[in-house]
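Chemist: What follows is a structure written as structure tokens; I'll ask about it next.
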Amino acid sequence: MPMVRRALVSLGFTLAVSTLLVFFVELIARGSFADSIAFLSQPHRPGWSTVVLIVVLAIGLDALLGRRHNGFLIIGPIFLVLAFVGQQKSLYLGDPLYPTDFLYSRQIVELMPLLVGERPIMALATVLAVLVSIGGLVWSWRYWRRRADSIAFAARLSRLAIAVPALVAFASMMDYATFSWVRDRLQIVPMMWDQKENYRSNGFTLAFALNLPMAKVSAPAGYSERAVNAIGKPGVAIALPDEQPDIIMVMNESFWDPTRLPDVTIKPDPIGFIRSTQSGHVFSPEFGGMTANVEFEALTGFSNAFLPTGSIPYQQYIRTPIPSLATFLRSEGYETRAIHPFAGWFWNRSMVYQALGFETFMSEETLPKLKKRGTLASDAALVGEIIRQADAQKQPFFFFAVTLQGHGPYPPGRYGKETRHEVEANTTGWARDSIATFAEGAADADDSLKTLVEWARKRERPTVIAFFGDHLPPLGDVYVQTGFMEGPVAPRRAPLDDMMAQHETPLLVWSNKTGTERRIGTISPAFLPLHVLESAGISHPYYTGFLGKMRGSYKVIDRNLLLGQDGAADQDWLREPKLDRDLKNFRLLQYDMMFGGKHGTRRYFPELIDDLIADRPASPRRFLSSADRSSLAIQAYCCIDARILPVPTGG
């Protein structure tokens, strides 16, 4: 009887501590005492399911450690730290914490000097809090390890017999793509289409766990070789003008129009040049960060909308060659080069650019030392380097450059005391000066674009320039003080006018032979390859054929907004049981080329035929002459239904 009483007391203690831990995790993640209480008290929320999960974890860890309640010394710090990191991410970027965020933790560490420079007191307090927490954890571990009761071997086995099956059952419920009767009874409803609601309704712990399987991309319903073939022939073949134009794409970091801030006057106009020559806007799928996701769309013509929420393709998915503008242009004799004046490992670019078909990637490790503006390589210096390298080229080239100067934060005085811009705003002095800092950087970007265009205007060779911002800048409280938004970051879902204001960045597509392509309007980055190649007079089965057809129906294809050419907007389109046929084909073709059997290669990406040939052990590439490969590629492209090249079925 004493043993039973002792076990019940121990279980009661475990339950009480687990409840407190869940409460504090929610309090940190939500920032609301009332909402945290509601999560545990309202029956339609899975608060007590979370408590039971923590109890089971604690029981299992206690069994492994051999002492009662020592598991909390591991569970507690991990869960509390994750909640804090999630709260900070939500504060700066507007999104919850996803498991895949830790794939780019090195990027965060690299950017710490910038963040520390903006808020040194906050940084110091954080460091002190971390040191105190580590010290407290070490003391607690040593103290409780000596005083906690040991658990007999038989009792440890019985605890594991309970904990392990329960955790396995829980893990099986986390596959949100399949229905789970138990999960449904526990009121755990995956809301992967709306992650803010997912974390609010299911709580931080369960929502985080629900996102663990998203590294695996499930095939769309009905995916098969037959389904891909049923998409039909593209109706467009590869064709290039006799004089192949040079192409330069510049994705300018956080480039945006600060005069869109309400009741803010900036003199002179910081982006006067692009305003006078503008083609339209890019509708960024991101806000304040996640540059690589915008870059992914702009280079591949694929959409983040068809990937799991929180995905970072550069980090998770791109490991082998996939279609891109660089792959295609390289197959046509272009020199393909990516340029970015930061570390090559950042966003995994060194490996990704190779998979995307770039012959060369020039990062800060291989670029000449560029003059800085503030603490980062200046836009002017980068454009100067682009021009220098372009002038040295004899063959047609495709350069893709990502700038660095415009990266946040934007503290007052970042560019020195003297600025070219005067700002009038009904805000605090700090916010007004922060706007001036950003305006100064935007003006530098605008000037660098003007320099690039004026250089290209004098060239005899046809030259196409595409210039756009990747996302709005992380101006934080400036947005609140000016009334641009209610919070420091944009919500994922909002009225159409707000969505456009919070995601549009300036776009220019220009040719030295035909001038500005004026009537682009607002487009997703995935449509950029279409407009760039059209301006260059180049056609391609996918980039101008398939995407051209999609562009005829849609302006924006974003996971939170589908915007038709007629102006009709649908924010819930991905939740609808059946997609429009063109959207379904878009999704099938993207999955096929990124993860599937690449059945669409022959029709839509004939430039990748060589890569498929190289994958065949019986026919290594080195045994085929260039003429043989060209002939084989033509046959494979023209004879669609003939089984000339067996396409691998693996992803």
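The values are calculated or read from the model by the stated rules, or taken from the named source; none is laboratory data. Here the structure is a predicted model, which means the values were calculated and not measured. Note that we place each Cβ from the backbone using ideal geometry, even for glycine, and neighbour counts take in every protein chain shown. Quick note on the areas: whole protein, heavy atoms, side chains included, nothing else; ligands and nucleic acids left out. Shrake-Rupley method; radii C 1.70, N 1.55, O 1.52, S 1.80 Å.
Chemist: Report whether or not residue 551 is under 16 Å from residue 280 (Cβ atoms) and crowded, with 18+ Cβ neighbours inside 10 Å.
Modeler: Numbers: under 16 Å from residue 280 (Cβ atoms): yes; crowded, with 18+ Cβ neighbours inside 10 Å: yes.
Against the criterion (under 16 Å from residue 280 (Cβ atoms) and crowded, with 18+ Cβ neighbours inside 10 Å), residue 551 qualifies.
Chemist: Sticking with this structure for a sec: Can you confirm whether the range 399-411 contains a residue that is crowded, with 20+ Cβ neighbours inside 10 Å, in contact with a Lys or Arg (Cβ under 7 Å, 6 or more places away or on another chain) and either closer than 23 Å to residue 449 by Cβ or at pLDDT 95 or above (or both)?
Modeler: Scanning the range 399-411 turns up at least one residue that is crowded, with 20+ Cβ neighbours inside 10 Å, in contact with a Lys or Arg (Cβ under 7 Å, 6 or more places away or on another chain) and either closer than 23 Å to residue 449 by Cβ or at pLDDT 95 or above (or both).
Chemist: Name the one entry in 562, 579, 574, 612 that is modelled with pLDDT of 95 or more, among the aliphatic types (A, V, I, L, M) and over 25 Å from residue 511 (Cβ atoms). Let's see the steps before the verdict.
Modeler: On the way: 579 fails: modelled with pLDDT of 95 or more; 574 fails: modelled with pLDDT of 95 or more; 612 fails: modelled with pLDDT of 95 or more.
Every option except 562 fails the conditions.
Chemist: From (1) closer than 21 Å to residue 587 by Cβ; (2) in contact with a Lys or Arg (Cβ under 7 Å, 6 or more places away or on another chain), pick out the condition that doesn't hold for residue 269.
Modeler: Only one criterion in (1) closer than 21 Å to residue 587 by Cβ; (2) in contact with a Lys or Arg (Cβ under 7 Å, 6 or more places away or on another chain) is unmet by residue 269, namely (1).
Chemist: Quick check: anything in the range 64-74 closer than 21 Å to residue 202 by Cα and not basic (Lys, Arg)?
Modeler: Checked against the condition, which is being closer than 21 Å to residue 202 by Cα and not basic (Lys, Arg), the range 64-74 yields no hits at all.
Chemist: Of everything in the range 292-330 that's open to solvent by 10 Å² or more (accessible area, probe 1.4 Å) and among the hydroxyl-bearing types (Ser, Thr, Tyr), which residue is nearest to residue 409 (Cα to Cα)?
Modeler: Result: 309.
Chemist: Can you tell me which residue is most open to solvent (accessible area, probe 1.4 Å) among those in the range 331-355 that are under 24 Å from residue 241 (Cβ atoms) and assigned to a loop (DSSP other than H, G, I, E, B)?
Modeler: Filtering the range 331-355 for residues that are under 24 Å from residue 241 (Cβ atoms) and assigned to a loop (DSSP other than H, G, I, E, B), the one most open to solvent (accessible area, probe 1.4 Å) comes out as 332.
Chemist: Considering only residues that are of a type in the set (Gly, Ala, Ser) and touching a residue at least 24 places away in the same chain (Cβ under 8 Å), which ones fall in the range 211-233? I'd like the intermediate steps shown before the answer.
Modeler: Filtering the range 211-233 for residues of a type in the set (Gly, Ala, Ser) gives 215, 218-219, 221-222, 224, 227, 230, 232.
Scanning the range 211-233 gives 215, 218, 219, 222, 227.
Chemist: Which number in (1) open to solvent by less than 40 Å² (accessible area, probe 1.4 Å); (2) in contact with a helix residue (DSSP H, G or I) (Cβ under 8 Å, 6 or more places away or on another chain) marks the one condition that residue 534 misses?
Modeler: Unmet condition: (1).
Chemist: Still on this structure, I have one more. Just need a number here: residues in the range 504-529 that are open to solvent by 10 Å² or more (accessible area, probe 1.4 Å) and not in a strand (DSSP E or B).
Modeler: Restricting attention to the range 504-529, the residues satisfying the condition of being open to solvent by 10 Å² or more (accessible area, probe 1.4 Å) are 504, 510, 512-519, 521-522.
From what is left, the residues that are not in a strand (DSSP E or B) are 512-514, 517-519.
The number of residues fulfilling the criteria is 6.
Chemist: Oh, and also: Taking residue 437 as meeting all but one of (1) open to solvent by 30 Å² or more (accessible area, probe 1.4 Å); (2) without any contact (Cβ under 8 Å) to a residue 40 or more places away in the chain, write down the number of the exception.
Modeler: For residue 437, the failing item is (1).
Chemist: Restricting attention to the range 537-548, and to residues there that are more than 24 Å from the chain's Cα centre (by Cα) and over 22 Å from residue 561 (Cα atoms), which single residue is most open to solvent (accessible area, probe 1.4 Å)?
Modeler: Per the criteria, the residue is 537.
Chemist: Right, here's the next one. Return yes or no: is residue 390 in a helix (DSSP H, G or I), surrounded by 19 or more Cβ atoms within 10 Å (Cβ to Cβ), modelled with pLDDT of 95 or more and touching a Ser or Thr at 6+ places or on another chain (Cβ under 9 Å)?
Modeler: yes
Chemist: Let me ask something else. Does the range 485-521 hold any residues that are aliphatic (A, V, I, L, M) and touching a residue at least 40 places away in the same chain (Cβ under 8 Å), and which are they? Before the answer, list the steps.
Modeler: Here is the first cut: in the range 485-521, the residues aliphatic (A, V, I, L, M) are 485, 489-490, 494, 496, 499-501, 507-509, 520.
Listed by number, the residues that qualify are 489, 490, 496, 499, 500, 501, 507, 508, 509, 520.
Chemist: Taking the stated definitions as given, is residue 255 crowded, with 24+ Cβ neighbours inside 10 Å and of a type in the set (Phe, Trp, Tyr)?
Modeler: Working: crowded, with 24+ Cβ neighbours inside 10 Å: yes; of a type in the set (Phe, Trp, Tyr): yes.
Criteria met by residue 255.
Chemist: Looking at this structure, is residue 183 touching an Asp or Glu at 6+ places or on another chain (Cβ under 9 Å), part of a helix (DSSP H, G or I) and buried (at least 16 other Cβ atoms within 10 Å of the Cβ)? Break it down stepwise before answering.
Modeler: Values: touching an Asp or Glu at 6+ places or on another chain (Cβ under 9 Å): no; part of a helix (DSSP H, G or I): yes; buried (at least 16 other Cβ atoms within 10 Å of the Cβ): yes.
For residue 183, the condition - touching an Asp or Glu at 6+ places or on another chain (Cβ under 9 Å), part of a helix (DSSP H, G or I) and buried (at least 16 other Cβ atoms within 10 Å of the Cβ) - is not met.
Chemist: Now for a separate question. Restricting attention to the range 234-251, does a residue exist that is open to solvent by 40 Å² or more (accessible area, probe 1.4 Å), closer than 30 Å to residue 439 by Cα and free of Cβ contacts under 8 Å to residues at least 24 places away in the same chain?
Modeler: Checking the range 234-251: not a single residue is open to solvent by 40 Å² or more (accessible area, probe 1.4 Å), closer than 30 Å to residue 439 by Cα and free of Cβ contacts under 8 Å to residues at least 24 places away in the same chain.
Chemist: Within the range 451-461, count every residue that is crowded, with 20+ Cβ neighbours inside 10 Å and over 33 Å from the mean Cα position of the chain (by Cα).
Modeler: Going through the range 451-461 one residue at a time, the tally reaches 0.
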